[in-house]
1. Please determine, by comparing only the residues of region 493-521 that are open to solvent by 40 Å² or more (accessible area, probe 1.4 Å) and of a type in the set (A, V, I, L, M, F, W, C), which one is farthest from the chain's Cα centre (by Cα).
2. Give the residues of region 524-536 that are more than 26 Å from G576 (Cα to Cα) and not in a loop (DSSP other than H, G, I, E, B), sorted by residue number.
3. Can you run down the residue pairs with Cβ atoms below 7 Å, 6 or more apart or on separate chains, where the first is in region 142-160 and within 15 Å of M117 (Cβ to Cβ) and the partner is outside any helix (DSSP H, G or I) and small (G, A, S)?
4. Identify, by number, the condition in (1) open to solvent by less than 20 Å² (accessible area, probe 1.4 Å); (2) part of a strand (DSSP E or B); (3) touching a residue at least 60 places away in the same chain (Cβ under 8 Å) that I539 doesn't meet.
5. Hey, could you check region 296-315 for residues that are at pLDDT 90 or above and open to solvent by 80 Å² or more (accessible area, probe 1.4 Å) and say which is farthest from R336 (Cα to Cα)?
6. Need the failing condition index for K319 against (1) part of a helix (DSSP H, G or I); (2) touching a strand residue (DSSP E or B) at 6+ places or on another chain (Cβ under 8 Å); (3) closer than 23 Å to P334 by Cβ, just the number.
7. Given the structure, is K94 among the charged types (D, E, K, R), in a helix (DSSP H, G or I) and under 30 Å from A40 (Cα atoms)?
Amino acid sequence: MVVRYILAVSVLLQFTAAFLALKLIRVTGRRAAWILIAAAILLMAVRRSITLYRLASGHVLLQPDPTAELVALVISVLMVAGIAKISSLFLSIKQSEEALRESEEKFRGLAEKSPNMIFINMKGRIVYANEACQEILGYRREEFYSPDFNFLSLIAPECADLVKANFERHAKGREVPPVEYTLITKEGKRIVGLHTTKLIRYEGESAVLGIIADITERKRAEEELRRVNRGLKMLSAFNQTLVRTMDEPSLLRNTCRVIVEVGGYRFAWIGFAESDEEKTVRPVAQAGYEKGYLDTVHIVWSDTEQGRGPTGTAIRTGKSIVCKKMLTDPRYSPWRSEASERGYASSIALPLIARDQTLGALNVYAREPDAFDSEEVKLLVELADDLAYGIMALRTRAEHERSEKALKTAWQELKSLDELKSNIITNVGHELRTPLTIANSALELASDEEDPKEKNMLLKMAENALSRQNIVVENLIEAASMKPHKMKLPPAPVNMDQIITLVCDEFIRTLKKHDLTIELRVEKELPLVKADNTKLKLILRNLLENAIKFNKKGGKIILKARKKDGVVEVCVRDTGIGIPKDEQEKIFDRLYQMDSSTSRVYGGIGMGLAIAKTIVEGFDGKLTVSSEPGEGSSFCFTLPIYE
């Protein structure tokens with residue numbers, strides 16, 4: 001009875017196992033394998049069912065072994081449990097696969113709608129690329145998925161090493177933080193991307209999920225903001241320079257320095273527009289990387305080929321000229337080679353206009369093509385306008401200071417002239433009155449004198465006094481005829497030796513009176529000179545008058561004359577008081593005397609040397625002085641030889 005129950009349970013379990021096996025066909029999709037397993041179990045169940053029937057009907061000759069049937073029951077139980085477990089496992093796997101499939105579908109749905117580029121890279125190949133990858137990079141999906149497509153071909157050369165290093169880190173199972181690098185589209189356009197990657201499992205294998213956000217516009221906006229901020233800092237620094245600088249050259253130099261150092265430009269220079277025939281642009285200040293650029297280029301502002309560049313055009317038209325790309329701009333062809341060698345890629349020329357006058361141009365050069373956007377141009381135009389205003393303000397201030405200084409000088413000169421006028425009136429009156437007084441007294445005494453010898457002496461005294469007055473009058477007449485500028489005198493052949501002898505004879509009595517001796521050192525057979533007899537006498541008289549007047553008692557005068565290098569040189573040297581170094585240039589000025597006491601101690605009106613110099617230079621000669629205080633003076637003049 002027990003055996004029949006065991007057999008019945010065993011048969012039931014086997015049929016259950018066969019049923020579960022058939023269900024696994026739907027779960028696993030493996031029809032053949034599970035049909036064979038189900039068939040085998042069914043055959044076992046049928047066999048056990050036949051045995052159970054026979055046992056129930058009494059047709060079994062040999063009773064089944066209870067132990068064996070119990071083992072078979074256990075096996076059936078285990079079979080049912082195993083198939084049920086397998087069914088559960090396969091069902092779980094199927095559910096996971098369906099969930100994964102749904103997840104992938106959601107991922108693809110989101111990825112396709114994402115504005116960011118999303119791709120999956122597996123073993124160096126792109127196995128998925130969303131719509132944004134196609135739109136932004138310009139490749140079709142078929143091209144991305146091709147075995148021949150190289151992911152690194154999307155990367156700018158300067159970023160390739162960074163990308164390779166990140167892939168190597170991923171290959172070692174390490175995560176990589178987000179990084180910016182430049183991508184190259186199919187058309188060759190460069191875009192900046194923020195690349196975020198993560199290790200994932202894709203189709204059962206390790207892969208890299210990449211998300212690239214196109215931040216090109218954001219970077220451009222950041223760059224524009226950086227430029228504007230840099231421009232504002234530059235303008236602020238320039239304004240400080242404008243306020244603090246007190247002279248024009250320093251303002252020009254400091255402006256160029258601020259543009260380069262604060263503004264970040266490669267080179268800046270300022271040129272002034274000259275009014276010469278060629279209309280040259282003259283560089284006056286510069287800063288930055290120049291390397292002889294301004295020495296190699298020739299820029300004018302005339303309407304010629306050399307004047308149609310940015311600088312010349314800006315000066316000529318009064319408008320700012322931007323050269324976006326020097327390598328292609330035809331206006332820059334005369335200077336393109338030199339500019340390219342120094343790394344200049346773009347430039348702007350800004351006219352310096354003040355009071356409706358174009359002074360010149362401010363030129364700024366950048367390393368990058370198209371470096372000057374509208375905001376930057378506005379800032380530079382403002383800087384150029386302020387610079388032009390500053391230049392004119394400094395020039396006005398300088399002119400004011402010069403006028404003020406000239407006014408002060410004129411006032412001082414006026415005061416000096418007033419004093420000089422008084423001195424001249426006093427000196428001339430004295431110089432004219434004294435000889436007349438002496439002559440008048442001598443003549444009165446001579447008229448009453450009966451002794452012929454004494455009478456002759458008094459008459460000679462009157463004659464000498466009148467001769468002295470005659471020299472003063474001659475000097476005054478000569479001074480009145482002199483012009484302020486150098487004048488040309490008509491030359492005639494003059495015998496220098498003869499004139500020297502005549503003039504020296506005039507001073508014999510005067511020399512004896514002052515206890516002085518004169519030594520003549522005149523070369524024999526001196527050639528004739530280009531001069532005038534009367535004026536040459538006046539020169540020698542004035543020089544001898546000075547030599548006598550400023551000599552020491554018992555002193556000596558040496559008069560030398562010689563032929564020298566196509567001229568005749570005459571020197572009058574004395575052993576008198578000498579002339580200080582700072583006075584030696586002034587003594588040839590009209591009406592100049594070393595001090596007020598000199599006029600009264602030594603007499604004279606301060607015209608003799610000025611007259612002598614004017615006459616000598618009128619005959620193309622020169623009059624010079626050499627002197628040491630306390631040791632005497634030497635006056636030398638030259639006159640050209642008459643041929």
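1. That would be I508.
2. Those that are more than 26 Å from G576 (Cα to Cα) and not in a loop (DSSP other than H, G, I, E, B): V529, K530, A531, N533, T534.
3. Listed pairs, sorted by first residue: F144/A129; F151/G124.
4. If we test I539 against (1) open to solvent by less than 20 Å² (accessible area, probe 1.4 Å); (2) part of a strand (DSSP E or B); (3) touching a residue at least 60 places away in the same chain (Cβ under 8 Å), just (2) comes out false.
5. Across region 296-315, the extreme among qualifying residues is D303.
6. For K319, the failing item is (1).
7. Considered against the rule, which asks whether it is among the charged types (D, E, K, R), in a helix (DSSP H, G or I) and under 30 Å from A40 (Cα atoms), K94 comes out as yes.
Residue-by-condition table, conditions (1) in a helix (DSSP H, G or I); (2) open to solvent by 40 Å² or more (accessible area, probe 1.4 Å); (3) under 17 Å from K319 (Cβ atoms):
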site	(1), (2), (3)
I348	no, no, yes
P369	no, yes, no
E375	yes, yes, no
L380	yes, no, yes
A384	yes, no, yes
Y389	yes, yes, no
R395	yes, yes, no
E399	yes, yes, no
T409	yes, yes, no
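The values are calculated or read from the model by the stated rules, or taken from the named source; none is laboratory data. Predicted model only: the values in this text are computed from it and were never measured. Don't worry about glycine lacking a Cβ; one is built from the backbone with ideal geometry, like all the others, and counts go over all protein chains shown. SASA here: full protein model, heavy atoms, side chains in, ligands and nucleic acids out. Shrake-Rupley method; radii C 1.70, N 1.55, O 1.52, S 1.80 Å.
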